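Working notes for the structure below.
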Amino acid sequence: MGRVWSARDELLDRRVAVKEVVFAADVGDRQRDKLLRRMIVEARAAARLNHPGITTVYDVVEHDGAPVIVMEFVAGGSLAALLRERTRLPVPRVAEIGVQVLEALAEAHAAGVVHRDLKPDNILVTDRRAVITDFGIAAIADASAGLTTTGGLLGTPAYTSPEQLNGEPATPASDLWAFGATLYAAVEGRLPFNGSNLWTLRRAVCESEPEPFRHAGALVQILTALLTKDPRERATLATAAAELKRHTGASRGSGSPGRPPAPASDAPAPAPPAGHRPSRRLGWRLRPGRRTPPHPAPPPAVPPAAPTAPVAPPVAPPAAPVPTRVMGADAVAELERAARERLRKQVDVHLRLLDVIAASPPTDADLLTGLKNLKDTHLHRVGGILADEERELSRLRDRRGGESYAAHHAEWLATRRSALDGLDGTLVLSAALLTGDSPRQALLDAVDVFRVHLLDLRDG
């Protein structure tokens, strides 16, 4: 994603780190300008973060058409380098690093900044602190890879959340998945998910349980909760922080998580007051002299009232007519744009995965399996998007101003539903493809059919 140098700020006489963000070779001038502008926006967002666990961004400049970020120099190696040296770390040390990383993530998420590419390479470790680096840069990697790189996927797939691999936007919950995968690697000395290629690794991340725990000990429960597939059911940042604090080295032997035990004292404890007997429950002390207040006297009886003539209930005034909410032209246009953009992003992910599957499959059988799995994923994901849009279309037909949305969007939606429903007839992936005279060519023809379908679905 870039090159990093150690440099010196001559004006302020301080050591800094300088990172040049390198774009793909096939990025055009127009796209380069767009990414450069976005880089500046992301760097400004990262520069707002002020926390000892986040590398401070000092400046962003342009050099030879590429952004260069000037940031705080941290005298320490990455967690990845530490793991290459020691293979794995003990539970208390992993918990301590985890607590510090979560404190930094809490600061970033509160400011609306998501890292998107948290992994051991982006965590610097010193004797006193753990520091997250590359905040704001991952979004540029995402944009560059998604638009210019065949099969490009953001970050390292083994640390990338299932929802990101499925084309959904990164959220704070995505950072927590990457955090869980990072701690797993630190305490176990290996990745939580494995695969012989990008496709099988993606399938493991999205569908399989992590590799069995061997060394995680007390961290098994929280790591399992962090690596939950559904981001809505994943452990929250506060839950993870509270659990990890219980297992840091400082918390052992103390009554409070993460707090060192109080130093021993030779002074005798003060004597209790005469006649006082301490309670054994939770260390509470009974206060002498407190009494339960007497029960209040019952109120005097009230004689029953004389019967009166029945009173007719009040008649409610007629309800005022509820005004009908009218959809403006701008709202209709935004709904149409959002629907098309959601479908486009999902199809783009499937196009990139198709390129990865077809690039270098080990065997013809692996290629066929990859195509089948991608087809099933495509039908499920895109089918879900279209179903959501069909429900929205039905709801908006009854709203004033929604007629234009229904008129324009119904035709677009029906075309894509027809294309998706017809995929089973145009793309037949059976074992018969492996028994012909040229199985590889037959499979590559199937890849071309799949690609044409995806392009028509996105652009047609």
Determine, yes or no, whether Leu153 is modelled with pLDDT under 95, touching a Gly at 6+ places or on another chain (Cβ under 6 Å) and surrounded by fewer than 23 Cβ atoms within 10 Å (Cβ to Cβ). no
For the range 228-240, which residues satisfy the criterion of being closer than 24 Å to Pro212 by Cβ and more than 11 Å from the chain's Cα centre (by Cα)? Thr228, Glu233, Ala235, Thr239, Ala240
Sort out which residues of the range 369-398 are in contact with a helix residue (DSSP H, G or I) (Cβ under 8 Å, 6 or more places away or on another chain), modelled with pLDDT under 85 and of a type in the set (D, E, K, R), and write them in order of number. Arg381, Glu389, Glu390, Glu392, Arg397
Residues satisfying the stated conditions in the range 86-111, i.e. under 16 Å from Thr133 (Cα atoms) and either touching a Phe, Trp or Tyr at 6+ places or on another chain (Cβ under 8 Å) or free of Cβ contacts under 8 Å to residues at least 12 places away in the same chain (or both): Gly98, Val101, Leu102, Leu105, Ala108
Suppose the filter is at pLDDT 50 or above, touching a Lys or Arg at 6+ places or on another chain (Cβ under 9 Å) and small (Gly, Ala, Ser); does Ala225 pass it? yes
Taking Leu82 as the residue in question, decide whether it is in a helix (DSSP H, G or I), outside the structural domain of Val187 (by TED's automatic domain parsing), free of Cβ contacts under 8 Å to residues at least 60 places away in the same chain and within 28 Å of the chain's Cα centre (by Cα). no
Restricting the range 111-128 to residues that are under 22 Å from Ala238 (Cβ atoms) and at pLDDT 90 or above, the one farthest from the chain's Cα centre (by Cα) turns out to be Ile123
Go through the range 28-77 and give me each residue that's in contact with a strand residue (DSSP E or B) (Cβ under 6 Å, 6 or more places away or on another chain) and polar (S, T, N, Q). Thr55, Thr56
Looking only at the range 228-267, count how many residues are of a type outside the set (Ser, Thr, Tyr), modelled with pLDDT under 50 and under 26 Å from Glu107 (Cβ atoms). 4
Any chance the range 424-444 includes a residue that's assigned by TED's automatic domain parsing to the domain that holds Thr369, in a helix (DSSP H, G or I), touching a residue at least 40 places away in the same chain (Cβ under 8 Å) and closer than 20 Å to Leu343 by Cα? no
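The values are calculated or read from the model by the stated rules, or taken from the named source; none is laboratory data. If you're wondering where the values come from, they're calculated on a predicted model, not measured in any experiment. Please note: Cβ atoms are built from the backbone with ideal geometry, for glycine as well, and neighbour counts cover all protein chains shown.
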